[in-house]
Amino acid sequence: MKKIDERDTMFARMAWSKNSDAYNDYYRRNPEKLSFDEELRSLPNLSEEGTATYDPIDSRIADSLFRFIADIRPFAEGEVVREPQEIDPETATRRIKEIAKHFGADLVGITEIKDHHYYSHRGRTEESYGHKITKKHRFAIAFAIEMDKEFINRAPQVEQTIETTRGYLKAGITGMVLSYFLREIGYEARNHMDGNYLVVAPLVAQDAGLGEIGRLGILITKKYGPRVRLGVVTTDLELISDGEKRFGIEEFCEICNKCSKTCPGRAVSSDIIDEVDGVKRWKIEQEKCYRIWRSIGTDCGVCLSTCPFSQGIDIEKIDKMKDNHNMILEILKEHEEKYGVRNYVKEKLDILK
Ligand code: SF4
Ligand code: SF4
């Protein structure tokens, strides 16, 4: 399976300053992307004056969280502290999951690492640009942090970005606790967190059984839908894999199509599922999506609040929907009767009043 190159992601492309070595190398190799990316660079950045949702106080909440996240990123890697302590895989797996949950994870799963889980090259910073990723661990602990429905249902307003950032921060800290602990008992470990990933988190999380990648291009969990942020810790400690657990998202998305209809950037395809880089999955048009972010000033999230799984679906019904057309129609009907096209709350939350 073809690996994803982090340099091709919008987050990487927007992180390089004009005429830096990274910028010059990338557009020399990809000249067709230059004019579109330049147009995006000319727009105000997220949370900045000139965007539709800008507020001199509220927009700074997400900014301050992002600054904190940036400050702790360098701690994602570290040296093993002592000789490996003996622990059998069953006990290690149980204890790692308990620790992850105690320190913030709402869902946790384990997978053996596959080569395509890793990016081929790094791209998010000018310093790491183009570094080939060679160091690999054997196992990955994937975990999900629930994002608050009250915030997400206000997408694409500022509340959406505040909650996304809170999710990234919480995932980053949970990953720090796990990776520090693993190194303390003698095993290599790395925290993959916002802005400092070597792995593609949704691919890892899907193989660790946390959910399935849906039409909106991110992981849909049974309990919280796509209303989660993901974290991953990779390690050499032997653990027991959960294995992927498909529950029928592919069939559901084929019928539902709601996020494709509500996306303000027309970034979500209404086509049937396709093979992307050798993996059968949905993928959004990241350029169209990111253009919306830069004009709204938040990370949008309309697709998150649109998805019926974000609003909560009876787990018993979810368990019956695989290969069950009628159950999918029943779930969709109930959702539409309750929320219409999507659940949108206009009134500001108290912390922004
Ligand atoms: S975040 Fe917004 S623009 Fe991007 S895919 Fe979702 S709905 Fe579309
Ligand atoms: S809104 Fe519907 S089509 Fe889109 S990801 Fe959710 S279930 Fe799938």
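The values are calculated or read from the model by the stated rules, or taken from the named source; none is laboratory data. All values derive from a computational prediction rather than experimental measurement. Note that each Cβ is placed from the backbone with ideal geometry, even for glycine, and that neighbours are counted across all protein chains shown.
Determine, yes or no, whether Tyr168 is of a type outside the set (Gly, Ala, Ser) and either at pLDDT below 95 or more than 16 Å from ligand 1 (Cβ to nearest atom) (or both). In short, no. Is it the case that some residue within segment 134-154 is modelled with pLDDT of 95 or more, within 16 Å of ligand 1 (Cβ to nearest atom) and in a helix (DSSP H, G or I)? Yes: one or more hits. Across segment 100-133, the qualifying residues are those that are basic (Lys, Arg) and not in a loop (DSSP other than H, G, I, E, B), and the one among them that is nearest to Asp242 (Cα to Cα) is Lys101.
In segment 266-323, of all residues being free of Cβ contacts under 8 Å to residues at least 40 places away in the same chain, basic (Lys, Arg) and not in a loop (DSSP other than H, G, I, E, B), the one that is surrounded by the fewest Cβ atoms within 10 Å (Cβ to Cβ) corresponds to Lys280. For Val204, state whether it is away from ligand 1 (no atom under 16 Å from the Cβ), part of a strand (DSSP E or B) and in contact with a His (Cβ under 8 Å, 6 or more places away or on another chain). In short, no. Scan segment 268-287 and tell me whether some residue there is closer than 30 Å to Arg73 by Cβ and near ligand 2 (Cβ under 9 Å from one of its atoms). Within segment 268-287, one or more residues are closer than 30 Å to Arg73 by Cβ and near ligand 2 (Cβ under 9 Å from one of its atoms). From the set of residues in segment 244-264 that are not charged (D, E, K, R) and not in a helix (DSSP H, G or I), which is nearest to ligand 1 (Cβ to nearest atom)? Ranking the qualifying residues of segment 244-264, first place goes to Cys263.
Residues that are within 11 Å of ligand 1 (Cβ to nearest atom) and under 18 Å from the mean Cα position of the chain (by Cα) within segment 268-277 comprise just one, Val268.
Yes or no, residue by residue, for (1) within 15 Å of ligand 1 (Cβ to nearest atom); (2) touching an Asp or Glu at 6+ places or on another chain (Cβ under 8 Å); (3) of a type outside the set (Val, Ile, Thr):
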site: Val279; (1), (2), (3): no, no, no
site: Cys289; (1), (2), (3): yes, no, yes
site: Ser295; (1), (2), (3): yes, no, yes
site: Thr306; (1), (2), (3): yes, no, no
site: Met327; (1), (2), (3): no, no, yes
site: Lys333; (1), (2), (3): no, no, yes
site: Glu336; (1), (2), (3): no, no, yes
site: Arg342; (1), (2), (3): yes, no, yes
site: Glu347; (1), (2), (3): no, no, yes
